[in-house]
Amino acid sequence: MVETIIKDPTEYVITSELFNRYEKNPILTSAEWPYRVNAVFNAGAVRIKDETLLLVRVEDMRGFSHLTIARSKDGKTNWKIDDHPALEPQPDVYPEEIWGIEDPRIMYLEERGEYAITYTAYSSGGPRVSLAITEDFQRFNKIGSIMLSADKNASLFPHKFNGRWALIHRPVPIYHAPRGHIWISYSPDLKHWGNHKLIMRARDGGWWDAERIGLGPPPIKTDEGWLIIYHGVRKTPSGRLYRLGLALLELENPEKVLRRSNEWVFGPRMIYERIGDVPCVTFSCGAIADKRKNELFLYYGAADTTMCLAIGKIDKILEYILSCPKG
């Protein structure tokens, strides 16, 4: 990817071939929250009727995270933030949530007429993939942990494949070098999971995604395949860099990677992405594709501190990934 950096007296303005930062970033900060919090970031996203709903990860002043809803008509401005959390940790009922819940991803399940929220429950033994179901984002049914091992970065697909639900996720190695890869698993009922298969590996050596990779927003269905935006991590002398790349999975067989970008397509550049609680992080859990407008709204957490937005043209994104090497 080629990026143009235009010098400004106070800031660098970045224009990208694929994703352009919203000029009023950050779109949500802790200062706007109706109750006292430390940071707001890594939101799941969905368009419901005539508004965009973000399910925002909120870190409280103790260091524990919960999830709160923010709404906007245009998905950019005039956010209305609920004055109470939508989902909170319940360690008495779900002991895997003892250290908080975070990083939600939202998928509408066509067959069930419900929204599935996959999120990370942070247990004393590490992160766990958990699931909650809702019809209206007012009442939530927590299913609980659906993966046994340390695991995170999970999302369902919107429909079944050969009678089974499919889940993309990233198991977390514990007893050896912490390199994480992307897997897919299947379930007949959203509770019992098996047929686990590794579909994308973190690369070796000096690559931008060499240390570990994980799913960003939920899979996006296109005529060309399932568009995957994933994060890659590279360890540097000054810390870890979190950047975003692209992949394309086959529509009927999502185990098959058709294309994968060699380059990252979005990464920390602006001051609000480089300075924060966790520096040099651009991390996305939610995106909204508007095919009528040919726009993809990419919602991302910046430096684990604020919520931001970047916008891309769907046709340009697909043109780019189709030019990338075969998976």
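FYI, it's all coordinate maths here, none of it is from the lab. This one's a predicted model, so the numbers in the text were calculated from it and none came from an experiment. Don't worry about glycine lacking a Cβ; one is built from the backbone with ideal geometry, like all the others, and counts go over all protein chains shown.
Could you pull out the pairs from K73/K293; K76/K152; K76/K160; K24/K73 whose alpha carbons sit more than 22 Å apart here? From K73/K293; K76/K152; K76/K160; K24/K73, over 22 Å: K76/K152; K76/K160. Based on Cα contacts under 8 Å between residues 6+ apart, the chain shows a relative contact order of 15 percent.
On the beta carbon distance between D277 and D223, with R0 = 30 Å, the FRET formula returns roughly 0.15. Distance from the alpha carbon centroid of segment 152-173 to that of segment 250-327 works out to 19 angstrom. P(r) tail, the chain: Cα-Cα pairs separated by more than 28 Å, 35% of all pairs.
Each of D189 and K160 was given a label point 7 Å from its Cα along the Cα-to-Cβ line. The distance between the two points is 1.3 nm.
The string of couplings for segment 85-99 from the Karplus curve (6.51, -1.76, 1.60, θ = phi - 60°) is x, 7, 9, 10, x, 10, x, 5, 9, 10, x, 5, 9, 4, 10 Hz, one whole number per residue in order, with x for Gly and Pro.
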